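Peer 1: Quick one: structure below, then a few questions.
The values are calculated or read from the model by the stated rules, or taken from the named source; none is laboratory data. Source: prediction; values computed, not measured. When we count neighbours, we look across all protein chains shown, and the Cβ atoms used for this are built from the backbone with ideal geometry, even at glycine. Ligands, DNA and RNA are stripped out before the accessible areas are found, and what is left, the full protein with its side chains, is counted by its heavy atoms. Shrake-Rupley method; radii C 1.70, N 1.55, O 1.52, S 1.80 Å.
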There are 2 protein chains.
Amino acid sequence: MAANSRLTIATHVLAWLALAQRRGREVLTSDQVAASVNTNPVIIRRSLGDLRRAGLVEVRHGAGAGWSLARSPEGITLLEVYDAVGAQPPFGLHHTEPNLECPVGRGIRPALSDVYSRVERVVRQELADTSIADVLRETLLK
Amino acid sequence: MAANSRLTIATHVLAWLALAQRRGREVLTSDQVAASVNTNPVIIRRSLGDLRRAGLVEVRHGAGAGWSLARSPEGITLLEVYDAVGAQPPFGLHHTEPNLECPVGRGIRPALSDVYSRVERVVRQELADTSIADVLRETLLK
DNA sequence: CCTTACTGCAACACCTTCTGTTACAGCGTA
DNA sequence: TACGCTGTAACAGAAGGTGTTGCAGTAAGG
């Protein structure tokens, strides 16, 4: 499978909403966001649904509907986006239970769980150190 | 799809080889390793092939064939195993190119590449700090 | 009240990757 | 030479992501 791009899509959406807001546009529709990401509006609505459930964006229904940031771009970290989109952790344990009569088979899963927890922790720390405002600033410099 | 378990399988294999070596067994066949991991021997041979190409294990052909560690378990880090199995990075960029006429679409990919590089770096650092000997020790304690 | 425009979501097809399995040729030691 | 194991191709099945269509729900604005 291709690498998971959900964090990328969601971050792109939030950065675009942040820029629109700064330019004085109150809301954007999923069609307008999809035009920037260059994908189907339903993909965008799925991502925006995740972000809405996490309290990062707000939606307005009816005529003149659309999306806007629920909080300032400086206060939204990539860690919140990561949790919002429910990305899977990078490493998984065995699909089938190892042979428990083997000393390695018995203890390897808790041992590796510890290692993977440490990896997950540093990843989360790194994501927590970057905000949507940071990403937008870097984006406009490129 | 289920999470990627290749690093887990390869680490299990190496830990089992390390323990067998300590117990005085010169080599293990892929069938014997598969019995501990509880999977098909071909899965194990695929993993061992990756590890052999990376110089972490050695194979003996012909009658009395089998596998053994090429280096001491203290000197093999999980980072080397990670590189050997060619695991994909946790995050991917857009599948389709964003709209380059949008300022966000133009700059978002290099900006996110920087973020993802930082994440990759801390993951690699964490994996480099753990050896097969560490994993085996923790495994036997559980 | 009714039109209008957009959201929310189900359903589906397609693609890719991973796991697991069978089969068999290749190889080197005893 | 015979044997046992490796190396690898080929294939099936499962799972998840992406993209697409279709349609009901919803509220602003005339």
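Peer 1: Just going by the charge dipole of chain A, with Lys and Arg at +1 and Asp and Glu at -1 on Cβ, which of A:Ser68, A:Ala15, A:Val81 is farthest out on the positive end?
Peer 2: Selected residue: A:Ser68.
Peer 1: Sticking with this structure for a sec: Based on a Kirkwood Rh over C-alpha pairs, give the Stokes-Einstein translational diffusion coefficient of chain B at 10 °C and viscosity 1.306 mPa s in µm²/s.
Peer 2: D = 93 µm²/s.
Peer 1: Based on the mean of other Cβ atoms within 10 Å per residue, sort peptides A:62-74, B:14-26 so the most packed one is first.
Peer 2: B:14-26, A:62-74
Peer 1: Ok, one more. Between the range A:66-106 and the range B:8-38, how many Å separate their Cα centres?
Peer 2: 30
Peer 1: Further question on the same structure: With a 1.4 Å probe and every protein chain left in place, work out the accessible area per residue of chain B in Å², rounded to a whole number.
Peer 2: 47
Peer 1: Another question, if that's okay. With the contact rule set at Cα under 8 Å and sequence spacing of 6 or more, what percent relative contact order holds for chain A?
Peer 2: Relative contact order here is 28 percent.
Peer 1: Residue by residue through the range B:32-38, what is 3J(HN,Hα) from phi via Karplus (6.51 cos²θ - 1.76 cosθ + 1.60, θ = phi - 60°)? Round to whole Hz and write x for glycine and proline.
Peer 2: Karplus-based 3J(HN,Hα) across the range B:32-38 equals 5, 5, 4, 5, 7, 6, 6 Hz.
Peer 1: OK, next. If you line up the Cα atoms of the range B:24-97 on their principal axes, what length do they span on each, largest first, in Å?
Peer 2: So the extents along the principal axes, rounded to whole Å, are 54, 28, 21.
Peer 1: Continuing with the same structure: Determine the relative contact order of the range A:11-62: mean sequence separation of Cα pairs under 8 Å and six or more apart, normalised by residue count, in whole percent.
Peer 2: This gives 24 percent for the range A:11-62.
Peer 1: Estimate for me the total accessible surface buried between chains B and A (protein heavy atoms, probe 1.4 Å, no ligands or nucleic acids), in Å² to the nearest 100.
Peer 2: When B and A are taken together, about 4700 Å² of accessible area is lost.
Peer 1: Based solely on C-alpha atoms, express the radius of gyration and the Dmax of the range B:73-116 in angstrom.
Peer 2: Just the Cα atoms of the range B:73-116 yield Rg and Dmax of 16.4, 53 Å.
Peer 1: So how compact is the protein assembly as shown: Cα radius of gyration and Dmax in angstrom?
Peer 2: When restricted to Cα atoms, the protein assembly as shown yields Rg and Dmax of 23.0, 77 Å.
Peer 1: With the full set of protein chains in place, find how many percent of the accessible area of the range B:5-118 is carbon and sulfur; take the probe as 1.4 Å.
Peer 2: C and S atoms contribute 48 percent here.
Peer 1: Can I ask one more? Given only helices, namely DSSP H runs of n ≥ 4 each adding -39500 (n - 2.57), what is the per-residue ellipticity at 222 nm of chain B, to the nearest 500 deg cm²/dmol?
Peer 2: -18500 deg cm²/dmol
Peer 1: Moving to a separate point now. Residues of the range A:122-139 losing 10 Å² or more of accessible surface, assembly versus chain alone, probe 1.4 Å, please list them.
Peer 2: Residues passing the criterion (a loss of at least 10 Å², heavy atoms only) are A:Val122, A:Val123, A:Glu126, A:Leu127, A:Thr130, A:Val135, A:Glu138, A:Thr139.
Peer 1: Follow-up. Hey, what do the phi angles of the range A:58-74 turn into as Karplus ³J(HN,Hα) couplings, whole Hz, using 6.51/-1.76/1.60 and θ = phi - 60°, x for Gly and Pro?
Peer 2: Coupling constants for the range A:58-74: 10, 10, 10, 8, x, 5, x, 6, x, 10, 8, 5, 8, 9, 6, x, 5 Hz.
Peer 1: If amide H atoms are built 1.01 Å from N in the plane of the peptide, which residues on other chains or at least 5 residues away come under 5 Å of the amide H of A:Thr29?
Peer 2: Under 5 Å from the amide H of A:Thr29 lie the amide H atoms of A:Trp67, each far enough along the sequence or on another chain.
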